[in-house]
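A short write-up of the structure that comes next.
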Amino acid sequence: MSLHAILGREDPTPWLLASDEPQARWIARPDAATHAEVLAHPATERLLEMLPASWEEPTTASGHNKPELSTNVLDLLAEFGVTEADDPRIGTLLDGMLEHTDADGRFLAHGAQHGGPPVWGCVPCDTHAIVDVLGRFGRASDPRLRRALAAAESDLMPTDLGLAWGCRPDPATGFRGPGRKSEPCPQTTLEALRAFSWLPADERPAQLAEVAHTALEVWRQRATRKPYMMGHGRQFKTVKWPPTWYGAYEVVDTLGRLPELWRGVLEDRVSMAEITACLLAYNVSADGRVTPLSAFKGWEWLSLGDKKQPSPIATAMVWARLQRRDWLAEEIAAVDVMRLASSKGGSGTPMAPRV
């Protein structure tokens with residue numbers, strides 16, 4: 001039986017391959033002709049134009065979750081198959097990222113501060129995301145990236161839910177994220193796991209399995225506690241397009257890259273089946289298509305920003321993640337999402353999916 005049949009959805013592949021969005025066709029079935037169409041598509045140039053001329057140029061994005069942030073734009077370009085060889089602006093930016101580190105090797109980002117001029121700073125949301133992007137564009141062998149990962153490993157901390165990454169204050173600006181000092185930050189933890197995924201398996205820290213367990217423990221503890229601002233209700237389950245922040249999509253994407261960390265641990269495997277089932281139930285309709293129920297404003301020029309109709313790009317992106325989990329399909333299908341405990345702070349009663 002096919003993955004789609006097991007999960008109770010139609011196969012959207014024929015619809016995707018007939019789409020006028022080459023980005024969706026590339027994700028569904030990459031080939032040279034489609035790659036050329038992606039490069040010629042106006043949306044690709046629009047994304048490239050969103051990149052700063054150099055990494056020294058301060059960011060104008062107002063938060064790490066904003067899709068206009070350079071690392072998020074680069075991540076979307078890579079998702080669409082655009083490589084460093086396709087446009088010199090990408091290589092210029094990657095080179096600039098590699099040139100700016102703190103004394104221990106963590107990567108720096110240049111941005112505005114309240115009441116003062118732009119400064120170079122480093123919080124985990126910066127350095128982890130930069131390493132992930134560099135790895136995705138093929139720079140994982142650079143010694144500066146390896147040094148940044150060594151610094152990231154040294155920043156691992158015991159939290160009240162297990163070993164993870166938390167909010168580390170920026171020593172230059174004093175800024176730190178809003179999370180409590182004793183708790184894990186699910187966002188930076190997923191970013192770091194994605195960053196380490198670009199290393200060969202035998203070169204990754206042994207503690208990553210414990211970190212993955214903590215990331216899923218956050219989900220298991222959702223009915224009684226949650227890290228600050230990181231709940232597990234409808235906003236967690238419903239993807240906000242383009243995806244940039246902690247949610248079911250990001251968990252499925254990240255841990256789908258590293259199944260060896262959790263597939264042999266029963267409670268982790270159960271949690272992954274539950275989260276994946278929520279991603280499916282809240283985002284994928286019976287015909288296998290994804291209509292963006294939530295999207296950042298100003299992104300309607302891609303189908304993933306149009307909340308009124310199914311999006312080929314969003315559909316292709318979700319199914320690309322689900323297909324990494326085909327060996328877990330029967331366990332995912334067995335989950336009754338309406339019987340899952342609600343997140344702390346909610347009504348206590350699960351809400352029905354909107355699709």
Please verify whether region 69-87 includes one or more residues that are on the phi > 0 side of the Ramachandran plot and surrounded by 15 or more Cβ atoms within 10 Å (Cβ to Cβ).
yes
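This table checks each residue for (1) touching a Leu at 6+ places or on another chain (Cβ under 8 Å); (2) surrounded by fewer than 21 Cβ atoms within 10 Å (Cβ to Cβ); (3) modelled with pLDDT of 95 or more.
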{"site": "TYR246", "(1), (2), (3)": "yes, no, yes"}
{"site": "ASP253", "(1), (2), (3)": "no, yes, yes"}
{"site": "LEU261", "(1), (2), (3)": "yes, no, yes"}
{"site": "ARG269", "(1), (2), (3)": "yes, yes, yes"}
{"site": "ALA286", "(1), (2), (3)": "no, yes, yes"}
Considering region 142-179 alone, what residues qualify as being of a type in the set (Val, Ile, Thr) and either surrounded by fewer than 16 Cβ atoms within 10 Å (Cβ to Cβ) or at pLDDT below 90 (or both)?
THR173
Filter region 115-143 down to the residues that are among the hydrophobic types (A, V, I, L, M, F, W, C), within 14 Å of the chain's Cα centre (by Cα) and within 18 Å of THR92 (Cα to Cα) and list them by number.
ALA129, ILE130, VAL131, VAL133
Could you list all residues from region 222-234 that are of a type outside the set (Lys, Arg) and either crowded, with 17+ Cβ neighbours inside 10 Å or on the phi > 0 side of the Ramachandran plot (or both)?
PRO227, MET229, MET230, GLY231, HIS232, GLY233
Within region 1-41, count every residue that is within 16 Å of ILE313 (Cβ to Cβ) and either at pLDDT below 95 or part of a loop (DSSP other than H, G, I, E, B) (or both).
8
Hey, can you tell me all the residues within region 43-92 that are assigned to a loop (DSSP other than H, G, I, E, B), polar (S, T, N, Q) and either touching a Ser or Thr at 6+ places or on another chain (Cβ under 7 Å) or under 21 Å from HIS110 (Cβ atoms) (or both)?
SER54, THR60, SER62, ASN65
Which one of these does MET317 not meet: (1) outside any loop (DSSP other than H, G, I, E, B); (2) farther than 20 Å from GLU250 by Cα; (3) of a type in the set (A, V, I, L, M)?
(2)
Restricting to region 109-141, and then to whatever is at pLDDT 95 or above and part of a loop (DSSP other than H, G, I, E, B), can you tell me which residue is surrounded by the most Cβ atoms within 10 Å (Cβ to Cβ)?
PHE137
Tally the residues that are touching a residue at least 40 places away in the same chain (Cβ under 8 Å) and under 14 Å from the mean Cα position of the chain (by Cα), restricting the search to region 65-98.
11
I'd like the residue in region 1-56 that is under 30 Å from GLU330 (Cα atoms) and out of contact with any helix residue (DSSP H, G or I) (no Cβ under 8 Å at 6 or more places or on another chain) and, out of all such residues, is surrounded by the most Cβ atoms within 10 Å (Cβ to Cβ).
HIS4
Mind listing whichever residues of region 303-327 are of a type in the set (A, V, I, L, M), touching a Ser or Thr at 6+ places or on another chain (Cβ under 9 Å) and surrounded by fewer than 24 Cβ atoms within 10 Å (Cβ to Cβ)?
LEU322
Subset of region 264-302 that is among the charged types (D, E, K, R), touching a residue at least 40 places away in the same chain (Cβ under 8 Å) and outside any helix (DSSP H, G or I) - its residue that is nearest to ARG234 (Cα to Cα):
ARG289
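The values are calculated or read from the model by the stated rules, or taken from the named source; none is laboratory data. What you are looking at is a predicted structure, and each value in this text was computed from that prediction instead of being measured. Virtual Cβ from ideal backbone geometry, glycine too; neighbours counted across all protein chains shown.
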